[in-house]
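Asker: Input: one structure, supplied below.
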Amino acid sequence: MKADIRVALVGNPNTGKSTLFNILTGLNQKIGNFPGVTVDKKTGFCQLPDGRTAEIIDLPGTYSIYPKSKDESIVFSVLADKAKGLTPDLIVVILDASNLKRNLLLYTQIADLKIPIVVALNMIDVSDKAGIDIDIDLFAKKLGVQVVPVSARKIKGIDQLKNAIAYANKIALQQDTIDVEAIAPQIIAQIKDDLKIDNSYLALQLAHQHETLSYLSTEQSDRIEKLEHEFSFHSQKSQATETIARYNFINDLLYDTVKKPETAHDETVSNKIDKILTHKVFGFVIFFAILMFIFQAIFSWSAYPMSLIEDLFIWLQKVISNVLPAGPLVSLIVDGVLAGLSGVMVFIPQIAILFALISILEDTGYMSRVTFMMDKVMRKVGLNGKSVVPLIGGFACAVPSIMSTRNIENWKDRMITIMVTPLVACSARLPIYTLMIALVVPNRNVWWIFNLQGLALTAMYLLSIVSAVTVAFVMKFILKARERGYFIMELPVYRMPRWKNVGFTMYDRSKTFVLQAGKVIIAVSVILWVLKSYGPGDTFAKIDQKYHQTQYVKTMTPDSLTKVIASEKLESSYAGVFGHVIEPVIKPLGFDWKIGIALISSFAAREVFVGTMATIYSVEGDADKMESVQQKMHSATNPDTGKPVFTLAVAFSLMMFYAFAMQCASTVAVVYRETKDWRWPAVQFAYMTGLAYTASFIVYHWLK
Amino acid sequence: MTLSQLEVGEIGIVKEFTDLEMSVKLMEMGCLPGEEIRISRIAPLGDPIAIHVSGYQLSLRKFEASTIVLQ
């Protein structure tokens, strides 16, 4: 789609920017990358009242144009870099009407860049309710821009905002907010002259940010560096002067335009909630209760939809093998693709529940309270209160969680968080845990309400947290800090979750999981099917010949004969040969060659395990009796001993391996993307796989 | 007297900062000289603290609070 006008949304975090973006663009949006950096770029299209189309860009929320984290640095470069063609024609600055003072700082900075601006005064309903009286006309007049009161949550004022966007001026008419040139007159004049720019504030920002701006040439950057020395420009002092001047402007503006009720300091609802949720004792009790609830919900709420999906696939496999003539194609579809797919699809309910619950925690503002409560503990182990969010997000998926570490300003804290996040039990491990626990842990209740299987799962989750924290503690002593750490963070007001957003996140994440995992799984399933259906040379023909001899045909029933042939073929197939090659390495962990095949194929993605198991064991299943993977694995026996393959020791050893091993190509890729150095993912892969082998070995020999 | 010495519920007015680097970050978030700050609560483990400033709630570590000198 081609847009007539490009509009960027800019605002503080927690101002309802994303909600407004969703309303303006509907489902008509896509997530991409800003060129050269890995910050998510959300764009969408919006039909304006005058028939034109606007492209809307959602820029990361920031408190100031001076970036403190990787995400925030994108805001200034998008607004300043004219060469890449990303600069907006119009900026919509979103201000939280109930918290104007701090919100206006960013406005004054953006305004001084002299790009046309429209102000969306969001949460006007909240500020009205709080008795805050804003003289919007005077406010707009003093700023020299259009000001539109909106309520993104209640979907009010949206048409007026679209109108304002459509009929906005093409040239910037806003009033100057402060005397920028007075801050550093000489260097501003010189940069304007040298770089041929006419905006003083842009010149000042270049003096501050030239080292991190990729679009400046080396000569330009060096030139600015020289000017800094020449005029003894001190970045922090200059910023301090500027910030004080800006707040003076803001205080004057608010004094004239906003009347607040005198009844300050009374207890707000948010405060009352905080008293309980961050209480010395109850705070932690509630936090752990919420985590417990999440794990129990994953298990119990998903049971029914999961069995439905399972049945659906069994039915589908039956139908296909009945309708189509038997042959390699049907075998490929039924035993390869469908068997692999059902292994993943079955976990959609669990993943959806997990993502929904985590997005509710974030949306309500509870997650930042967890950050607040946990900062001291996290700091002791070399992390940061802000590491809690990626770590909890790690329960869902390490990939978005590692991307969310961009909010952590401190380099060392961020690196350690990235290194340990993949240890947290992600949703891809859930299928393996579920399967193994269901195989060896009895399904009954202990202590009235606790389900034994649920407890085993909780234990696996706790183990993942303990291991992440321990590794972080060790790394604290290995890595050297680059800068001082700090923790200055807004605690947003509690809000009801936006159910539409929760539903959207749930749908979006589950879809991504299915599409991404599905692709890998179908590919791996097909490769695996080929590897196990064909053997080197004429081995398969020889096996057929061998069992056609009269001594076998006469002594065995046709049924058991097919079974023997099938399992002998599997063993001598390419997959079997491969499994046997690695068997000596994994034997000390209690794994046979069949598990070995699944283990190796899981290095692409963990969730492949179940599909692989299904594909491998479908060989031995009765042709006329379709079973689920779990049933097949339950009845699997070791041909040498006649005992079940999946004993308690093997199942737990396997879970340990999956708990620690770095079996996820996407995570390796994202760690590289975020660190820009292959050594980080390499070290991560090595230490995690080493831990996995050791833990499996110990557990197997302990439980054997 | 610094902000870190206040008890929950007490109010102070910012006079100056002892640390330039921290002051820049704190001022951006609305902690400016002349601004009134009230201690809302202290985290369960004693650190960080939550303050009410410029009409909203901000959390910061005790160390950062100790760089804010009160009138």
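Asker: So in the range A:88-100, with the set limited to residues that are within 30 Å of A:Lys260 (Cβ to Cβ) and of a type in the set (A, V, I, L, M), which one is nearest to the other protein chains (Cβ to nearest Cβ)?
Answerer: Checking each candidate, the answer is A:Leu100.
Asker: Note down all Cβ pairs under 7 Å where the first residue falls in the range B:44-58 and is more than 7 Å from chain A (Cβ to nearest Cβ), the second is modelled with pLDDT under 90, and they're at least six residues apart or on different chains.
Answerer: The qualifying pairs do not exist here.
Asker: Being over 23 Å from B:Lys25 (Cα atoms), within 14 Å of chain B (Cβ to nearest Cβ) and of a type in the set (A, V, I, L, M), is that true of even one residue in the range A:398-412?
Answerer: So far as the range A:398-412 goes, no, none of its residues is over 23 Å from B:Lys25 (Cα atoms), within 14 Å of chain B (Cβ to nearest Cβ) and of a type in the set (A, V, I, L, M).
Asker: Looking at (1) more than 14 Å from chain B (Cβ to nearest Cβ); (2) exposed (fewer than 13 other Cβ atoms within 10 Å of the Cβ), which is the one condition that is false for A:Ile320?
Answerer: Failed condition: (2).
Asker: Taking into account only those residues within the range A:62-82 that are modelled with pLDDT under 90 and outside any helix (DSSP H, G or I), which is farthest from the other protein chains (Cβ to nearest Cβ)?
Answerer: A:Lys82
Asker: I'd like to know if the range A:499-509 contains one or more residues that are assigned to a helix (DSSP H, G or I) and touching a Pro at 6+ places or on another chain (Cβ under 9 Å).
Answerer: yes
Asker: Considering only residues of the range B:23-39 that are facing chain A (nearest Cβ under 7 Å) and not charged (D, E, K, R), which is farthest from the chain's Cα centre (by Cα)?
Answerer: So, considering only residues that are facing chain A (nearest Cβ under 7 Å) and not charged (D, E, K, R), the one farthest from the chain's Cα centre (by Cα) is B:Val24.
Asker: Among the residues of the range B:59-71, write down those that are part of a strand (DSSP E or B) and more than 7 Å from chain A (Cβ to nearest Cβ).
Answerer: Across the range B:59-71, the qualifying residues are B:Ile68, B:Val69, B:Leu70.
Asker: Here's a follow-up. So, of the residues in the range A:257-274 that are away from every other protein chain (no Cβ under 11 Å), farther than 13 Å from A:Lys101 by Cα and at pLDDT 85 or above, which turns out to be nearest to the chain's Cα centre (by Cα)?
Answerer: The residue in question is A:Ile273.
Asker: Sticking with this structure for a sec: Please work out which one of (1) within 14 Å of chain B (Cβ to nearest Cβ); (2) of a type in the set (Gly, Ala, Ser); (3) surrounded by fewer than 18 Cβ atoms within 10 Å (Cβ to Cβ) is the condition A:Gly85 fails and give its number.
Answerer: Result: A:Gly85 fails condition (1) only.
Asker: Here is a follow-up. Would you point out which residue out of A:Leu452, A:Leu463, A:Leu457, A:Leu491 is closer than 25 Å to A:Leu439 by Cα and touching a Leu at 6+ places or on another chain (Cβ under 9 Å)?
Answerer: That would be A:Leu457, the only listed residue that is closer than 25 Å to A:Leu439 by Cα and touching a Leu at 6+ places or on another chain (Cβ under 9 Å).
Asker: When residues of the range A:647-668 are filtered for being polar (S, T, N, Q) and surrounded by fewer than 24 Cβ atoms within 10 Å (Cβ to Cβ), how many remain?
Answerer: Qualifying residue count for the region: 2.
Asker: Anything in the range A:99-146 that is over 13 Å from A:Val10 (Cα atoms) and hydroxyl-bearing (Ser, Thr, Tyr)? List them, or say none.
Answerer: Correct list: A:Ser127 only.
Asker: Does any residue of the range A:531-538 turn out to be surrounded by fewer than 14 Cβ atoms within 10 Å (Cβ to Cβ), of a type outside the set (A, V, I, L, M) and within 14 Å of another protein chain (Cβ to nearest Cβ)?
Answerer: Among the residues of the range A:531-538, not one is surrounded by fewer than 14 Cβ atoms within 10 Å (Cβ to Cβ), of a type outside the set (A, V, I, L, M) and within 14 Å of another protein chain (Cβ to nearest Cβ), which makes the answer no.
Asker: State whether one or more residues within the range A:485-498 are free of Cβ contacts under 8 Å to residues at least 12 places away in the same chain, hydroxyl-bearing (Ser, Thr, Tyr), outside the structural domain of A:Ala152 (by TED's automatic domain parsing) and surrounded by fewer than 21 Cβ atoms within 10 Å (Cβ to Cβ).
Answerer: Checking the range A:485-498: not a single residue is free of Cβ contacts under 8 Å to residues at least 12 places away in the same chain, hydroxyl-bearing (Ser, Thr, Tyr), outside the structural domain of A:Ala152 (by TED's automatic domain parsing) and surrounded by fewer than 21 Cβ atoms within 10 Å (Cβ to Cβ).
Asker: Of the residues A:Val337, A:Val346, only one is aliphatic (A, V, I, L, M) and in contact with an Asp or Glu (Cβ under 8 Å, 6 or more places away or on another chain); which?
Answerer: A:Val346
Asker: Considering only the range B:18-28, I want to know if a residue exists there that is in contact with a helix residue (DSSP H, G or I) (Cβ under 9 Å, 6 or more places away or on another chain), surrounded by fewer than 21 Cβ atoms within 10 Å (Cβ to Cβ), part of a loop (DSSP other than H, G, I, E, B) and in contact (Cβ under 8 Å) with a residue 12 or more places away in the chain.
Answerer: Checked the range B:18-28: at least one residue is in contact with a helix residue (DSSP H, G or I) (Cβ under 9 Å, 6 or more places away or on another chain), surrounded by fewer than 21 Cβ atoms within 10 Å (Cβ to Cβ), part of a loop (DSSP other than H, G, I, E, B) and in contact (Cβ under 8 Å) with a residue 12 or more places away in the chain.
Asker: Determine, yes or no, whether A:Val346 is within 30 Å of A:Leu463 (Cα to Cα), within 14 Å of another protein chain (Cβ to nearest Cβ) and of a type in the set (A, V, I, L, M, F, W, C).
Answerer: no
Asker: Does A:Arg223 fit the bill of being surrounded by fewer than 18 Cβ atoms within 10 Å (Cβ to Cβ) and either in a helix (DSSP H, G or I) or within 14 Å of chain B (Cβ to nearest Cβ) (or both)?
Answerer: Yes: the conditions hold for A:Arg223.
Asker: Can I ask one more? Return the total of residues in the range B:1-17 being within 25 Å of A:Lys275 (Cβ to Cβ) and in a loop (DSSP other than H, G, I, E, B).
Answerer: Selection size over the range B:1-17: 5.
Asker: Yes or no: the range A:348-368 includes at least one residue that is under 20 Å from A:Leu277 (Cα atoms) and in contact with a Gly (Cβ under 7 Å, 6 or more places away or on another chain).
Answerer: Among the residues of the range A:348-368, at least one is under 20 Å from A:Leu277 (Cα atoms) and in contact with a Gly (Cβ under 7 Å, 6 or more places away or on another chain), which makes the answer yes.
Asker: Against the condition away from every other protein chain (no Cβ under 14 Å), of a type in the set (Gly, Ala, Ser) and over 25 Å from B:Lys25 (Cα atoms), how does A:Gly131 come out, does it pass?
Answerer: No, not satisfied.
Asker: I'd like the residue in the range A:427-480 that is loosely packed, with under 15 Cβ neighbours inside 10 Å and polar (S, T, N, Q) and, out of all such residues, is farthest from the chain's Cα centre (by Cα).
Answerer: A:Asn445
Asker: Can you pull out the residues in the range A:393-421 that are in contact with a Gly (Cβ under 7 Å, 6 or more places away or on another chain) and within 16 Å of A:Ala468 (Cα to Cα)?
Answerer: Of everything in the range A:393-421, those that are in contact with a Gly (Cβ under 7 Å, 6 or more places away or on another chain) and within 16 Å of A:Ala468 (Cα to Cα) turn out to be A:Ser401, A:Asp413, A:Ile416, A:Thr421.
Asker: Could you grab me the full set of residues in the range A:560-574 that are over 44 Å from the mean Cα position of the chain (by Cα) and of a type in the set (A, V, I, L, M)?
Answerer: A:Leu561, A:Val564, A:Ile565
Asker: Which condition does A:Ala289 not pass, out of (1) within 27 Å of B:Ile49 (Cα to Cα); (2) assigned to a helix (DSSP H, G or I); (3) more than 10 Å from chain B (Cβ to nearest Cβ); (4) touching a residue at least 40 places away in the same chain (Cβ under 8 Å), if it passes all the others?
Answerer: Failed condition: (4).
The values are calculated or read from the model by the stated rules, or taken from the named source; none is laboratory data. Keep in mind that this is a model prediction, so the values were computed, not measured. Cβ: placed from backbone, ideal geometry, glycine included. Neighbour counts: every protein chain shown.
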